[in-house]
Amino acid sequence: MKAAVVTTAGGTVPEYLDFPEPEVGQGQQIVSLVASAIHPVVRAKASGEHYSSTGQFPLVPGVDAVARTADGTLVYTGDVEEPWGTFAERMAVTMALPLPEGTDPVAVAAGVNPGMSSWMPLTTHADEHGTPDTVMILGVTGAAGGLAVQNARALGVRRVIGVGRGMDDLKRVAGLGAETVEIVGAKDADAAAIGAALDGRAPDLVLDFLWGRAAESAFQALADAPGTGATSYVEIGSAAGEQAAVPASLLRSRPFRLSGSGIGSFDMRRYIGQVAAYVRLIADGKVKVDAHAYPLSRITDAWTDPAGPRPVLIAD
């Protein structure tokens with residue numbers, strides 16, 4: 001079969017090549033590619049640098065997809081056993097969640113992975129503590145950040161504070177319903193800007209796609225915020241760096257819970273149930289997803305696509 005193939009580690013651009021047919025294990029079925037997106041995690045795994053990378057090459061990238069079963073049903077699927085992935089004409093899968101009739105498969109392929117990164121901690125917080133009143137999002141101008149704004153609004157969050165760079169991108173995010181804060185990479189100045197937006201009240205929930213120095217600015221702003229309201233801080237991504245120093249005073253001065261959110265930290269039964277709910281949000285148009293579709297045979301063009309709508313590979 002044809003597939004996008006990474007032959008060696010180190011960030012090589014995938015090539016459109018022949019690759020062995022997938023092996024079918026117990027409880028699995030063969031499905032055919034409809035749409036699969038190039039997410040940041042896909043690039044990281046393909047380079048061998050992601051924490052979940054196995055180091056097995058050559059491999060077919062891709063972590064999730066919309067696919068068609070033998071009877072023609074469109075399903076959302078993923079978790080394909082390496083060296084196979086979802087950037088192939090066919091894949092062997094266990095999970096197969098049927099899509100609601102009329103759902104745009106490209107939107108689902110582009111939206112579930114980045115959208116679930118905030119949907120899981122948002123719904124977890126809502127289940128444990130009720131819907132948060134105020135949510136702050138670090139890294140709001142990326143695809144996942146924009147979806148996080150929409151997700152928070154869909155859950156009924158009253159106030160969303162979006163922190164990021166670039167005035168044009170922040171204006172776009174403001175149109176989704178967030179108050180915006182521009183940061184510039186200077187720790188003290190960014191802390192002051194975040195603190196001014198908080199206006200004396202710490203958020204109930206922080207969703208952090210940046211970490212690094214941006215997180216340290218947020219910690220400083222939170223430590224300086226008066227009051228003793230509880231804050232849950234969830235680290236999701238590390239676009240600004242793998243390390244961040246957490247002030248001891250912040251941990252002792254208020255109820256403050258710091259945790260991470262990623263596929264390795266989820267209860268997978270809950271995750272699959274929430275994926276079905278999130279697909280319904282996309283199908284109903286309550287969450288808008290930007291995507292740019294490419295045929296699988298144009299994997300090189302898709303992989304090197306400049307920043308913009310998420311590139312999605314579709315069957316030739």
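When ligands, DNA and RNA are left out and all protein chains stay put, how many square angstrom of accessible area per residue does the range 35-164 have with a 1.4 Å probe?
Per-residue value: 34 Å².
Give the residue list of GluC sites (Glu not before Pro) in the range 1-83 that are DSSP loop and have at most 11 other beta-carbon atoms within 10 angstrom.
Loop-located and lightly packed - E23.
When the expected Rg is taken as 2.2 N^0.38 Å, what fraction or multiple of it is the alpha-carbon Rg of the chain? Intermediate results must be reported in sequence, preceding the final value.
Working: Rg = 20.0 Å, N = 316, 2.2 N^0.38 = 19.6 Å.
The chain yields a ratio of 1.02.
Could you tell me the convex hull volume per residue, in Å³, taken over the Cα atoms of the range 156-230?
Given the Cα convex hull of the range 156-230, per-residue volume reads 90 Å³.
Place a point 7 Å from Cα of I30 in the direction of its Cβ. Which residues in the range 95-120 have their backbone N less than 20 Å from it?
Only 95-97 fall inside the zone, counting backbone N under 20 Å.
Would you list, by chain and number, the lysines whose Cα falls below 19 Å from the Cα of K171, excluding same-chain residues fewer than 8 positions away?
K288
Please work out the ratio of the alpha-carbon Rg of the range 80-231 to 2.2 N^0.38 Å and round it to two decimals.
Expressed relative to 2.2 N^0.38 Å, the Cα Rg reads 1.19.
Which shape class applies to the range 1-145: rounded if a/c is under 1.5, otherwise prolate when a/b exceeds b/c and oblate if not, where a ≥ b ≥ c are the square roots of the Cα gyration tensor eigenvalues?
oblate
Assuming a viscosity of 0.692 mPa s and a temperature of 37 °C, what translational diffusion coefficient in µm² per second does Stokes-Einstein assign to the range 222-316, Rh being the Kirkwood radius over Cα pairs?
Using the Kirkwood radius from Cα pairs, D works out to 186 µm²/s.
So which trypsin sites (Lys or Arg not before Pro) in the range 251-286 end up in coil per DSSP with only 16 or fewer other C-beta atoms within 10 Å?
Sparse-neighbourhood loop trypsin sites (Lys or Arg not before Pro): K286.
Tell me, what is the percent relative contact order of the range 1-158, built from C-alpha pairs under 8 Å that lie six or more residues apart?
It comes to 21 percent, rounded to a whole number.
Students often forget the sequence filter, so: which lysines lie under 27 Å Cα-Cα from K2 once same-chain residues fewer than 8 apart are removed?
In chain and number order, the partners are K45.
For the range 232-316, which whole percent of the accessible surface, found with a 1.4 angstrom probe, sits on carbon and sulfur atoms? Please list the in-between numbers first.
Working: 2440 of 4650 Å².
That fraction is 53 percent.
Need the list of aspartates and glutamates near K187 for cross-linking: C-alpha distance under 12 angstrom, and skip anything on the same chain fewer than eight residues off.
Cα-Cα hits under 12 Å: E216.
At q = 0.16, 0.18, 0.19, 0.21 Å⁻¹, what log₁₀ I(q)/I(0) does a Debye calculation on the Cα points of the range 189-259 give, no solvent, two decimals?
Here log10 of I(q) over I(0) equals -0.48, -0.61, -0.69, -0.85.
Share of antiparallel DSSP beta bridges in the chain, in percent to the nearest 5?
Of all bridge pairs located within the chain, approximately 45 percent are antiparallel.
Net charge around V140, counting only other residues with Cβ within less than 11 Å of its Cβ (Lys, Arg = +1; Asp, Glu = -1)?
The answer is -2.
For the range 43-123, max minus min Cα coordinate along each principal axis, in Å, sorted largest first?
So the extents along the principal axes, rounded to whole Å, are 38, 35, 19.
The values are calculated or read from the model by the stated rules, or taken from the named source; none is laboratory data. All values derive from a computational prediction rather than experimental measurement. Because the Cβ atoms are built from the backbone with ideal geometry, glycine has one as well, and the counts that use them run over all protein chains shown. When the accessible area is computed, the model is the full protein with side chains, heavy atoms only, and any ligands, DNA or RNA have been set aside. Shrake-Rupley method; radii C 1.70, N 1.55, O 1.52, S 1.80 Å.
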